[in-house]
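Student: One structure is given below, represented as structure tokens, and several questions about it will come after.
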Amino acid sequence: MDLGYHRKDLLGLEDLTPNEIQFFLDTARSFKEILERPQRKVPTFRGKTVLSLFFEPSTRTRMSFELAAKRLSADTVSVAKATSSVKKGETLLDTMKNMEAMKVDVIILRHESPGAAHFLARHTEASVINAGDGPHEHPTQALLDLFTVREKLGTLEGIKLAIVGDILHSRVARSNLFGFTKMGAEVMLVGPPPLVPKSFERYGARISHSVDEALEWADVVMALRIQKERLGESFFGSDREYRRFFGITKERVQKVNRQFVLMHPGPVNWHVELDPEVVDLLDTVILEQVTNGVAIRMAILYALLARGGTSS
Ligand code: CP
């Protein structure tokens, strides 16, 4: 397999070229074929070590990276904030230096501070993957979303994607905006005015505050979780009020009476951004996104491990 990605780290999609994104999508397609075989493991990276360093909770990203590394025969180590010496006051840099001293090749970092992965990458020879840095970027989520839409619709060029929710605090929205526009898609950002600033227009996005308009327009609708942990009380009144104005509800979907692909990065706040009934009314790919997360993360680990980025 040719390497179409030559950087040490994967920190965001803002700086990636369409060719680099294409490389990850094509490589993930090959890995997805391997994952569908009875023997899902390849011996490619025996002896390499992948470290997951998660300072914020995660189910999908953490588990799919771990599975991806195991499918490539790499060793995996996992450190969570709650059970690490960070709780005793150890800094991120000291934590990383100690991990590096134990010879790791790739560090996967989720952290509440924007730029944390960039900071780590500057201070280690190991490859660093940004698994979500506060509200900044979540590049591996966007790559799996791009992969899922390309698989579903056959192309990314010219498709219309509406991202609905708390855009301001969403690393998923930012990375998807960068990724989809680079690959030739049109992106509409939809939500309450305080959560969808007009400044996003400079990245080529349309802005709307009407979910009905979005459902009429889009080929693909991505609902986002309202991030209560990052929001103050001032943005909107209540879950019920949010659902009334911006929820993808059964009534709205029945009224619009057209099919589109429904995505959500998870975790879902049912009865807030999404009604459970709409899952069966639409072309829903929420669990396909999760399946594809393993293949795309295998592709990312493949690119970084094969280029030989290592501290050992
Ligand atoms: N989509 C996503 O990042 O999910 P987790 O927070 O469970 O990793």
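The values are calculated or read from the model by the stated rules, or taken from the named source; none is laboratory data. For clarity, every value in this text was computed on a predicted model and none was experimentally measured. Cβ coordinates were reconstructed from backbone atoms using ideal geometry, including for glycine residues, and neighbour counts include every protein chain displayed. Accessible surface areas use protein heavy atoms only, side chains included; no ligands, DNA or RNA. Shrake-Rupley method; radii C 1.70, N 1.55, O 1.52, S 1.80 Å.
Student: Hey, among Glu66, Glu56, Glu20, which residue is open to solvent by 50 Å² or more (accessible area, probe 1.4 Å) and of a type outside the set (Lys, Arg)? Break it down stepwise before answering.
Tutor: Details: Glu56 fails: open to solvent by 50 Å² or more (accessible area, probe 1.4 Å); Glu20 fails: open to solvent by 50 Å² or more (accessible area, probe 1.4 Å).
Just one listed residue meets the conditions, Glu66.
Student: Among Ala101, Ala185, Ala162, Ala173, which is hydrophobic (A, V, I, L, M, F, W, C) and over 28 Å from Asp212 (Cβ atoms)? Lay out the reasoning, then the answer.
Tutor: On the way: Ala185 fails: over 28 Å from Asp212 (Cβ atoms); Ala162 fails: over 28 Å from Asp212 (Cβ atoms); Ala173 fails: over 28 Å from Asp212 (Cβ atoms).
Exactly one of Ala101, Ala185, Ala162, Ala173 is hydrophobic (A, V, I, L, M, F, W, C) and over 28 Å from Asp212 (Cβ atoms), namely Ala101.
Student: The conditions are (1) more than 18 Å from the chain's Cα centre (by Cα); (2) crowded, with 22+ Cβ neighbours inside 10 Å, and Ala142 fails exactly one of them. Which is it?
Tutor: (1)
Student: Is there any pair linking a residue in segment 189-211 that is within 16 Å of Arg171 (Cα to Cα) to one that is of a type in the set (Ser, Thr, Tyr), with Cβ under 7 Å and at least six apart or on different chains, and which?
Tutor: Between residues of segment 189-211 that are within 16 Å of Arg171 (Cα to Cα) and residues that are of a type in the set (Ser, Thr, Tyr), the close pairs are Val190/Ser208; Tyr203/Thr181.
Student: Test Arg258 against the stated conditions and say whether it is at pLDDT below 95, more than 18 Å from the chain's Cα centre (by Cα), open to solvent by 20 Å² or more (accessible area, probe 1.4 Å) and of a type in the set (Lys, Arg). Show your work before the answer.
Tutor: Details: at pLDDT below 95: no; more than 18 Å from the chain's Cα centre (by Cα): yes; open to solvent by 20 Å² or more (accessible area, probe 1.4 Å): yes; of a type in the set (Lys, Arg): yes.
Taking the combined requirement at face value, the residue does not satisfy it.
Student: On the basis of being within 16 Å of the ligand (Cβ to nearest atom) and surrounded by 13 or more Cβ atoms within 10 Å (Cβ to Cβ), does Leu13 make the cut? Write out each step before concluding.
Tutor: Details: within 16 Å of the ligand (Cβ to nearest atom): yes; surrounded by 13 or more Cβ atoms within 10 Å (Cβ to Cβ): yes.
Here the answer is yes, as Leu13 does meet what is asked.
Student: Since Phe45 meets every condition but one in (1) within 22 Å of the chain's Cα centre (by Cα); (2) open to solvent by less than 20 Å² (accessible area, probe 1.4 Å), which condition does it not meet?
Tutor: Status for Phe45: all satisfied but (1).
Student: Only one residue in Gly47, Gly154 is at positive phi and in contact (Cβ under 8 Å) with a residue 24 or more places away in the chain, so which one is that? Steps first, please.
Tutor: Details: Gly154 fails: in contact (Cβ under 8 Å) with a residue 24 or more places away in the chain.
Only one candidate passes the filter, namely Gly47.
Student: If you don't mind, there's one more thing I want to ask. Going by what's in this entry, would Arg29 be described as out of contact with any Gly (no Cβ under 9 Å at 6 or more places or on another chain), part of a helix (DSSP H, G or I), within 16 Å of the ligand (Cβ to nearest atom) and open to solvent by 60 Å² or more (accessible area, probe 1.4 Å)? Steps first, please.
Tutor: Details: out of contact with any Gly (no Cβ under 9 Å at 6 or more places or on another chain): yes; part of a helix (DSSP H, G or I): yes; within 16 Å of the ligand (Cβ to nearest atom): no; open to solvent by 60 Å² or more (accessible area, probe 1.4 Å): yes.
Against the criterion (out of contact with any Gly (no Cβ under 9 Å at 6 or more places or on another chain), part of a helix (DSSP H, G or I), within 16 Å of the ligand (Cβ to nearest atom) and open to solvent by 60 Å² or more (accessible area, probe 1.4 Å)), Arg29 does not qualify.
Student: Still on this structure: Please find, within segment 69-102, the residue that is surrounded by the most Cβ atoms within 10 Å (Cβ to Cβ) out of those that are away from the ligand (no atom under 16 Å from the Cβ) and touching a residue at least 60 places away in the same chain (Cβ under 8 Å).
Tutor: Going through the qualifying residues, I end up with Leu72.
Student: Does segment 96-130 hold any residues that are touching a Pro at 6+ places or on another chain (Cβ under 9 Å) and of a type in the set (A, V, I, L, M), and which are they?
Tutor: Ile129
Student: Could you check segment 147-164 and list, in sequence order, the residues that are in contact with a Phe, Trp or Tyr (Cβ under 7 Å, 6 or more places away or on another chain) and buried (at least 24 other Cβ atoms within 10 Å of the Cβ)?
Tutor: Leu161, Ala162, Val164
Student: A further question on this structure: Say whether the condition of being surrounded by 24 or more Cβ atoms within 10 Å (Cβ to Cβ), part of a helix (DSSP H, G or I) and touching a His at 6+ places or on another chain (Cβ under 8 Å) is met by at least one residue in segment 116-125.
Tutor: Yes, segment 116-125 contains a residue that is surrounded by 24 or more Cβ atoms within 10 Å (Cβ to Cβ), part of a helix (DSSP H, G or I) and touching a His at 6+ places or on another chain (Cβ under 8 Å).
Student: Now, a different point. All but one of (1) over 16 Å from Ala117 (Cα atoms); (2) part of a loop (DSSP other than H, G, I, E, B) hold for Arg7; state the number of the condition that does not hold.
Tutor: (1)
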